[in-house]
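Here the structure is laid out as structure tokens; the discussion comes afterwards.
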Amino acid sequence: MKKGIAILGSTGSIGTQALEVIANFGDNFRVEVLTACNNVQLLIEQAILFKPNAVVIANKVKYPELSEALKNYPIKVFAGTAAIEQIVQMETIDLVLAAMVGFSGLVPTLEAVRAGKAIALANKETLVVAGELITSLARERKVSILPVDSEHSAIFQCLVGEPDAVEKIYLTASGGPFRGKQRGYLSKATRKEALRHPNWSMGPKITIDSATLMNKGLEVIEARWLFNLHPEQIEVVIHPQSILHSVVQFMDGSMKAQMGLPDMKLPILYAFSFPERIKSDFPRFSFKDYPNLSFEPPDFANFPNLFLAYQAMKKGGTVPCVMNASNEIAVDAFLKERIGFYDISSIIERTMERIPFIEKPGLADYQFADKEARIYAKNLLSSLKDEG
Ligand code: MG
């Protein structure tokens, strides 16, 4: 039987690659639902091609355009974030791919878990913000959370059959476009340079996060919740070739790594087909093309975001949520060329210090902390502009 898949964020980088996977493996999967934030044109094209049961556009202003374009198709059309939160509960959905960007992925993912749907999780911010809430609900509902992040897919694959013998994990990081660069260079780094990732083709937000190493910081916190680890059990290692996708060290000292070419379609296909593997004709890795695989420690001094993420993870409570919110604001401002590279860390650090701490937050506390952090970070942006 074909697995019915809902793709939240179908017009983004992961969403479009997921649709490529589904197009390639049409005997295994069918598209049930597509949702997008703003990109109504692409959503229309995708809907006509994949004929889902329903589509949702988050931005209500775009609803008339969407419903007009699809009026001759048997596709239900909805608009608004509340519709996304409801539609994930649809009975014909077997698996929800959470591929929205940032905090907006939290509530729909939570609703999908509550409805007992398997989750393929690409939206790491969801676990960063509310990892404890999501994973405890998933355990209660016996829902699997299947990572789509390449590093976490690697760890997940290494743990199949022996999930409880972990001593520590090593998350690999390419180091991004600024690996080896020093403070003098980085303080003048531009948006254009930051968007030039050496190995992975991704959306703009995550590409900037890769340049600042915040992406790895978010992934450290994501790993903590996905694999139920203590902060001390998670280490980052820079591996510029992005071939070893991450490593598990077991309690006897033995290590397992998962390797492959850097192609997000691999972790997407694995999450969609788990616990099976499906034969693919994706390009194969060749040792001849990679005579040297190298490793080095991360540079916490020149990339303070990674340090801030470890701090947020250790403090717990609402701190990772606050860190994430201020990062989203700062990255957006960097993308609009309003602030410099190190302003991102400084905005995050100052917001983390300022927003009141809640140790055992519920959903409403996270939503409040997120909102407060965004307001505070935006105020910092205007004061930075005044100083500059
Ligand atoms: Mg990753």
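Give the relative contact order (percent, whole number) for the chain; include only Cα pairs under 8 Å separated by 6+ residues.
On the way: 687 pairs, mean separation 55.2, N = 388.
Once normalised by length, the contact order is 14 percent.
Amide H to amide H, which residues 5 or more places from residue 3 or on other chains are under 5 Å from it, using H placed in the peptide plane?
Amide H neighbours of residue 3, under 5 Å, 5+ apart: 29, 30.
Which residues' amide hydrogens lie under 5 Å from the amide hydrogen of residue 258, considering only partners 5 or more residues apart or on another chain, with H built in the peptide plane?
Here the answer is 245, 246, since their amide H atoms fall under 5 Å of that of residue 258.
For the chain, which whole percent of the accessible surface, found with a 1.4 angstrom probe, sits on carbon and sulfur atoms? Working shown, then result.
Values: 9000 of 17310 Å².
Percent of accessible area from carbon and sulfur atoms in the chain: 52.
If you average over every viewing direction, what projected area does the convex hull of the Cα atoms of the range 17-143 give, in nm²? Before the final figure, lay out the partial values.
Details: hull surface 30.0 nm².
With the hull built on Cα positions only, its mean projection is 7.5 nm².
Mind checking the per residue accessible area of the range 1-141 for me, 1.4 Å probe, whole number of Å²?
Numbers: 5730 Å² over 141 residues.
Accessible surface, normalised per residue, equals 41 Å².
Once whole DSSP H runs in the chain are found, which of them have Cα atoms spread over 20 Å or more along the helix axis and a mean Kyte-Doolittle score of at least 0.5? Kindly include the intermediate steps, with their values, before the conclusion.
Working: long enough: 124-140 (21 Å, 0.38); 319-335 (24 Å, 1.01); 341-354 (21 Å, -0.35); 363-387 (36 Å, -0.61).
In the chain, the long hydrophobic H runs are 319-335.
Ignoring trypsin sites (Lys or Arg not before Pro) that are buried or in helix or strand per DSSP, and keeping those with at most 14 other beta carbon atoms within 10 Å, what is the longest stretch of the chain between them? Walk me through the numbers on the way to the answer.
Values: sites that count: 2, 71, 141, 142, 188, 196, 277, 279, 284, 336.
Counting only loop sites that pass the neighbour cut-off, the longest clear stretch is 197-276.
List, largest first, the extents of the alpha carbons of the chain along their principal axes, each in whole Å.
Principal extents (largest minus smallest coordinate, Cα): 58, 52, 40 Å.
How big is the dipole moment of the range 294-388 about its Cα centre under a simple scheme where the beta carbon of each Lys and Arg is +1, that of each Asp and Glu is -1, and everything else is neutral? Debye, nearest 20, please. Please list the in-between numbers first.
Working: 11 positive and 14 negative charges, 52 e Å.
Here the range 294-388 has a charge dipole of around 240 debye.
Using a 10 Å Cβ count of at most 13 others and DSSP loop calls, identify the longest part of the chain lacking such GluC sites (Glu not before Pro).
Details: sites that count: 91, 276, 337, 359.
Answer from the scan: 92-275.
Probe 1.4 Å, all protein chains in place: accessible area of residue 358 in Å², nearest 10?
We get 60 Å² for residue 358.
Would you calculate a helix-derived [θ] at 222 nm for the chain, using -39,500 (n - 2.57) for each DSSP H run of n ≥ 4 and dividing by the full residue count, to the nearest 500? Let's see the in-between values first.
Working: 16 runs with 180 residues, N = 388.
Theoretical 222 nm ellipticity from helices: -14000 deg cm²/dmol.
By DSSP, what percent of the beta bridges with both residues in the chain are antiparallel, rounded to the nearest 5? Please report the intermediate quantities before stating the final value.
Values: 11 of 41 bridges.
Close to 25 percent.
May I ask you to give the solvent-accessible area per residue for the range 250-375, in square angstrom, as obtained with a 1.4 angstrom probe? It would help to have the intermediate numbers written out before the result.
Working: 6640 Å² over 126 residues.
In whole numbers, the range 250-375 has 53 Å² accessible per residue.
The values are calculated or read from the model by the stated rules, or taken from the named source; none is laboratory data. This is a predicted model, so every value here is computed, not measured. A quick note on method: Cβ atoms are made from the backbone with ideal geometry, for glycine too, and the neighbour counts reach across all protein chains shown. Calculation scope for accessible area: heavy atoms of the full protein, side chains included, ligands and nucleic acids excluded. Shrake-Rupley method; radii C 1.70, N 1.55, O 1.52, S 1.80 Å.
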